[in-house]
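> I have a structure here, written as structure tokens, and I will follow up with some questions on it.
The values are calculated or read from the model by the stated rules, or taken from the named source; none is laboratory data. Note that the coordinates shown come from a computational prediction; the quantities given were computed from them, not determined experimentally. Please note: Cβ atoms are built from the backbone with ideal geometry, for glycine as well, and neighbour counts cover all protein chains shown. What goes into the accessible areas is simple: the full protein's heavy atoms, side chains included, and nothing from ligands, DNA or RNA. Shrake-Rupley method; radii C 1.70, N 1.55, O 1.52, S 1.80 Å.
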Amino acid sequence: MKNIILIVLIIFNSLISNGQSEHEKVNYFSNNAFGNPIVGYNGEYYKGVTYIAYQGEKEDPYVVAYNHEKKQWIGPYKAGTSLLGKSNSKKIDNHGKPSLVVNGEGYIHIVFGGHGGIKEFGENTLGNYNGGKQIHVVSKKPMDISNWVEVDNLTPFATYSQFLKLDNGDIYLFYRHGAHRSNWVYQVSKDNCKTFSPKVSILKAKQAKPTPDCSDVFDSWYPSFERGKGNEILVSYNYHVCKNMTPHYSERNNCYYMTFDTDKNKWYNVKGKELKLPLTKEYSDVMTLAINTSDKWVQDGATCLNSSGFPHLSFYQGEADGTPHGGPKQLMNYIYTGKEWTGGATNLPSSARGEMKVTSSKDIQFLIGYNQGKSGEVAWWNSTKNLNEFAKKQVLINEEGGTFTLANFIRNAHPDAKMVTTQKIKGTDYSRIFLLGDKGPVKRLKTEAEVLKLQ
């Protein structure tokens, strides 16, 4: 009899223990995000569901969905197979991270896998080659991430592909047409990504004057594309001095600004003067230069308009220190007053990287990830009386470990799901990936979120 009671107690305790484990929730929704897994516009809220794409195992694209009414996670599902990440090289390419958009019929589209393409795909008349292939996939059914089909309607020569969707339903695709020494181009679809218009070059890559340390130099670019008013697109960009050197130095200088009135199909500088495409380095210096950073190294940040229609720019600036990526960079914040650009370095944490939201010239908010002691933290910081002084307002998440990396704000975001962010898992090439909203992270059962058994 005692043995029977003992067995029952063991089984009962086991059930309780397993039940607790099965119902334990964590702040992340998956742990199989690979390398630097997110970029730009990788999420969208559509009819009650938030869809998210990210780079997963072997650099392939993965997709998850969160149903807000049911409070239910779906996926992750593998959406396609990238040509990147399949060699025995320990180096992770990271250039083919997926961009996601939901078209007007509810079908989910993803582009991924490009790092310039290869010569076997044909002649790249707008740039050079490096590897990978731009691939376009679409869900087989509307609002269903479980099955995908490849669509052959885009060039294989692309890097940093990014979807941008406007209020009128037009879907723009921006990308660099090849590797470093390639034009930046766009195409537009007016039929829900079934077809795309011919490529239009925006920024021209071309041979430049030799420098004291290199005879083979090219003008190259790193732009960022954001929504403006109505069907307007805002563009901020940096100049990249592309030297044919090993290792490759990612020197970038200056911050440029222009807008694209898609209704008129015309491009303008901040003073309203029409621009001619594609823009060269010399033309950009005259027509679109916002901030001359001289010999300082920069990286592009966020761009938006305030309620008065004046643009704001943020970027990251630091000193050259002899290393391929330059020294630490501080977040810079500028506003156009109608006559000039004014601003400078902020008091935000030196490791801060993130997105900007502006209501007025005096109400500026940054959602940033940064180091906080032994933890990574994501928080809202609001402007004070000074344009470049900010105070911490609301912490969305604080987790022991490294700095959080943020994507762009989710398109048409639900209040509970505004930002996708990742944090490296120590000792691995993987990251945990989070969905953050006004109330913090959207939690998930640990048994579901632990896609990989890493620890």
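> Using a Cα-Cα cut-off of under 16 Å, which aspartates and glutamates could be cross-linked to Lys329, ignoring same-chain neighbours fewer than 8 residues away?
Lys329 reaches Glu251, Asp295, Asp300, Glu319, Asp321, Glu355.
> Please list, ordered by chain and number, the residues whose modelled amide H lies under 5 Å from the amide H of Glu389; skip anything fewer than 5 residues away on the same chain.
HN-HN under 5 Å from Glu389: Thr384.
> Label-point separation (nm) for Gln72 and Glu57, each offset 7 Å from Cα along Cα-to-Cβ?
2.5 nm
> OK, next. What is the extension gain from Ser350 to Val286, computed as 0.36 nm multiplied by their sequence separation minus the C-alpha to C-alpha distance, in nm to one decimal?
Extra length available between Ser350 and Val286 comes to 19.9 nm.
> Given the peptides 337-349, 182-194, arrange them by the average over their residues of other C-beta atoms within 10 Å, most packed first.
182-194, 337-349
> Now for a different question. Can you give the local net charge around Ser375? Use residues other than it whose beta-carbon is closer than 11 angstrom to its beta-carbon, Lys and Arg +1, Asp and Glu -1.
Neighbourhood net charge equals -2.
> At R0 = 56 Å, how high is the FRET efficiency between Leu454 and Lys194 if r is their beta carbon distance? Nearest 0.05 is fine.
So the FRET efficiency works out to roughly 0.90.
> Moving on to the next point. Quick one: which residues, 5+ away or cross-chain, put their amide H under 5 Å from the amide H of Ile425? H built at 1.01 Å from N.
So Ile425 has HN proximity to Tyr430, Ser431, Arg432.
> With +1 on each Lys and Arg Cβ and -1 on each Asp and Glu Cβ, and nothing else charged, work out how big the dipole of the chain is about its Cα centre, in Debye to the nearest 20.
About 360 debye.
> Hey, if we sort Asp261, Asp438 by accessible area with the 1.4 Å probe, largest down, what's the order?
Reading off the accessible areas and sorting them downward yields Asp438, Asp261.
> Next up: Students often get this wrong, so check it: of Lys229/Lys339; Lys97/Lys119; Lys204/Lys393; Lys90/Lys190, which have C-alpha atoms separated by over 30 Å?
Lys204/Lys393; Lys90/Lys190, as the Cα separations exceed 30 Å there.
> Right, something else. To the nearest 10 square angstrom, what accessible area does Lys276 show with a 1.4 Å probe?
Lys276 has an accessible surface of roughly 150 Å² with all protein chains in place.
> Please compute the modelled spin-label separation between Thr359 and Glu389, points set 7 Å along Cα→Cβ, answer in nm with one decimal.
My value for the distance between the label points is 2.0 nm.
> How far is helix 2-22 tilted off the main Cα axis of the chain, in degrees rounded to 10, range 0 to 90?
The answer is roughly 20 degrees.
> I would also like to ask the following. Note the full-extension length gain between Ser89 and Thr342 as 0.36 nm times their separation in residues minus their Cα-Cα distance, in nm to one decimal.
Value of the extension gain: 86.5 nm.
> Tell me, what is the FRET efficiency for Asp152 and Lys47 to the nearest 0.05, using R0 = 45 angstrom and their Cβ-Cβ distance as r?
0.95
> By how many nm would the segment from Asp261 to Ser308 lengthen if fully extended, with 0.36 nm per residue of separation less the alpha-carbon distance?
Net length gain for the segment: 15.2 nm.
> Oh, and also: What lysines sit close enough to Lys209 to cross-link, taking a C-alpha to C-alpha distance under 18 Å and skipping anything fewer than 8 places away on the same chain?
Within the straight-line limit of under 18 Å, Lys209 reaches these lysines: Lys243, Lys281.
> If you take the beta carbon distance between Thr323 and Glu105 as r and set R0 to 41 Å, what does 1/(1 + (r/R0)^6) give as a FRET efficiency, to the nearest 0.05?
Here the calculated transfer efficiency is 0.30.
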